[in-house]
1. By how many degrees, between 0 and 90 and to the nearest 10, does the Cα long axis of helix 177-187 differ from the longest principal axis of the chain?
2. Taking just the alpha-carbon atoms of the chain, what radius of gyration and Dmax come out, in angstrom?
3. Under a Cβ-only charge scheme (Lys and Arg +1, Asp and Glu -1), can you give me the dipole magnitude of the chain about the Cα centre, in debye to the nearest 20?
4. Do me a favour and compute the ellipsoid semi-axes for region 47-144 from its Cα gyration tensor, root of five times each eigenvalue, largest one first, whole Å.
5. By how many degrees, between 0 and 90 and to the nearest 10, does the Cα long axis of helix 61-71 differ from the longest principal axis of the chain?
6. Kindly work out what percent of the DSSP beta bridges joining two residues of the chain are antiparallel, to the nearest 5.
7. Please work out the FRET efficiency for the pair residue 127 and residue 79, using the Cβ-Cβ distance as r and a Förster radius of 41 Å; give the result to the nearest 0.05.
8. Please work out the ratio of the alpha-carbon Rg of region 32-94 to 2.2 N^0.38 Å and round it to two decimals.
Amino acid sequence: MISQFSQLPSYIGRFAPSPTGPLHFGSLVTALASFLDARANKGKWLVRMEDIDPPREQPGADKLILEALEAHGLEWDSSVLYQSSRLAAYEDIIDFLFDRGQVYCCDCSRQQLKKHPIYPGTCRHRMLKRRDDFAVRIMVAPQRIQFNDEIQGVQVQQMEQEVGDFVVFRKDGLVAYQLAVAADDAFQHISKVVRGQDLLSSTSRQCYLLKTLSISPPEYAHIPIITNIQGQKLSKQNLARPLNPHDRLSSLYQALSALGQRPPKELIEADLASILNWGINHWSMAQIPRKTQISQNSIIHSDMIKPPHITK
């Protein structure tokens with residue numbers, strides 16, 4: 001794998017949105033957390049556009065996302081990596097895993113799998129020849145994946161019992177998220193992933209894939225999910241409002257508060273550079289609550305007891 005940097009820094013972080021709509025406040029909180037952690041550690045901060053699910057994407061959303069990041073002063077290093085430019089690389093990985101006998105084809109329907117909490121291995125030994133309308137699953141060996149999340153604590157998952165053989169290439173011909181994100185974190189030499197807690201449960205699958213490819217996983221820190229007043233995760237599907245560039249100072253101040261950084265009240269009247277510099281100089285991952293709820297109009301923090309295991 002070829003680095004984008006002549007000399008790799010010790011810290012490389014990333015923000016990896018999907019272009020399914022404009023950036024909203026929940027995404028800003030995630031972007032700000034990864035940005036501040038990278039800058040506080042004097043590292044590189046990259047932006048990756050995860051555009052591998054065309055049916056869900058909105059034309060022009062990638063441009064809106066990048067414009068919103070720029071408007072809020074979140075400047076990235078190096079060019080934006082579009083996952084759609086990496087399709088051949090994903091195919092090479094699939095071919096490599098086929099050659100090693102570590103993946104297999106699966107024609108099971110959702111209806112067939114509805115009663116099974118994890119995949120029962122139906123197609124594991126059927127030796128199906130690869131077809132465009134077949135999924136590809138990786139054979140999960142009896143293995144315990146454990147990692148220490150900087151915010152959520154120690155996470156443990158027994159892969160064959162709690163996950164089973166999972167999909168790395170979809171029946172609709174699209175690469176699965178788990179494979180693409182693991183491959184690109186390796187390709188970009190990401191040393192630390194700071195992202196939302198909703199992705200915590202899938203992290204063990206990415207670690208498993210990277211270990212299968214003899215690549216060390218990055219470090220992880222999963223920040224709390226931002227919710228609306230109804231308790232739903234802020235998302236494009238739940239009609240979260242796009243960020244207003246005219247409210248960028250207020251949005252950044254609220255994002256710092258949501259991350260538990262306790263910005264001083266006088267910072268509300270500061271300019272963009274002053275807010276970001278304060279955030280970098282006072283950044284503390286230890287102050288981030290494990291669980292945060294925020295509506296469009298108020299911020300509420302509450303700590304949650306650390307779960308001993310991640311769920312599927």
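1. The angle comes out at about 70 degrees.
2. Rg then Dmax for the chain, in Å: 20.1, 66.
3. Numbers: 35 positive and 32 negative charges, 204 e Å.
It comes to approximately 980 debye.
4. Working: eigenvalues 252, 57, 39 Å².
Ellipsoid semi-axes (Å, largest first): 36, 17, 14.
5. Taking Cα atoms only, the helix is inclined about 30 degrees.
6. On the way: 19 of 30 bridges.
Of the beta bridges lying entirely in the chain, close to 65 percent run antiparallel.
7. On the way: r = 42 Å, r/R0 = 1.03.
Step by step, r from the Cβ atoms, then E = 0.45.
8. Numbers: Rg = 13.9 Å, N = 63, 2.2 N^0.38 = 10.6 Å.
Scaled against compact globular proteins, the figure is 1.30.
Just so you know, all these numbers are worked out from the coordinates, no wet-lab data involved. Predicted model only: the values in this text are computed from it and were never measured. Note: ideal-geometry Cβ built from the backbone for every residue, glycine included; neighbour counts use all protein chains shown.
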